[in-house]
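The values are calculated or read from the model by the stated rules, or taken from the named source; none is laboratory data. A quick note: this is a predicted structure, and the numbers were derived from the prediction, not measured. Cβ placement follows ideal geometry from the backbone for every residue including glycine, while neighbour counts extend to all protein chains displayed.
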């Protein structure tokens, strides 16, 4: 999933458009990449940062709820299970056991209300953008948001490639 070379052309194009739109709304690709570098400094994952706010030189990322380790572990397990996926549209509820499906569903319920807001410190750089963990949640289908995955789980090199993609 975070291996840019394994993505098909449609997915690369989608990622490029999403990341370009996001970068343009905060002052450019370098500002967005700077924020991502700052996020990578928070171990084990920026999602667990108790202040629910991360600042780079130019941008601020804030969210409305702390993510606890048990939910992060389940999310990482789901992403790891789909890491070779060449399609961003995979259903994270697909699981081989009912017990695992229940854990995933509980994680979805816990993380669905979280909204991430990226704002430039200088209003002249743009209006910013916001995103959620999941792109769509239906009865038996949940699609994870590719911007969320790129921001919190993929390398900055992945985002650089998405930004530079030329179809």
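Some points to look at:
- Of all residues in the stretch 127-137, one or more are crowded, with 17+ Cβ neighbours inside 10 Å and more than 15 Å from the chain's Cα centre (by Cα).
- Considering residues of the stretch 27-44 that are out of contact with any helix residue (DSSP H, G or I) (no Cβ under 6 Å at 6 or more places or on another chain) and assigned to a loop (DSSP other than H, G, I, E, B) only, the residue surrounded by the fewest Cβ atoms within 10 Å (Cβ to Cβ): 43
- Breaking point among (1) in a loop (DSSP other than H, G, I, E, B); (2) under 15 Å from residue 145 (Cα atoms), for residue 95: (2)
- Set side by side, the residues 89, 122, 96, 70 differ, and just one is more than 20 Å from residue 154 (Cβ to Cβ) and modelled with pLDDT under 90, which is 96.
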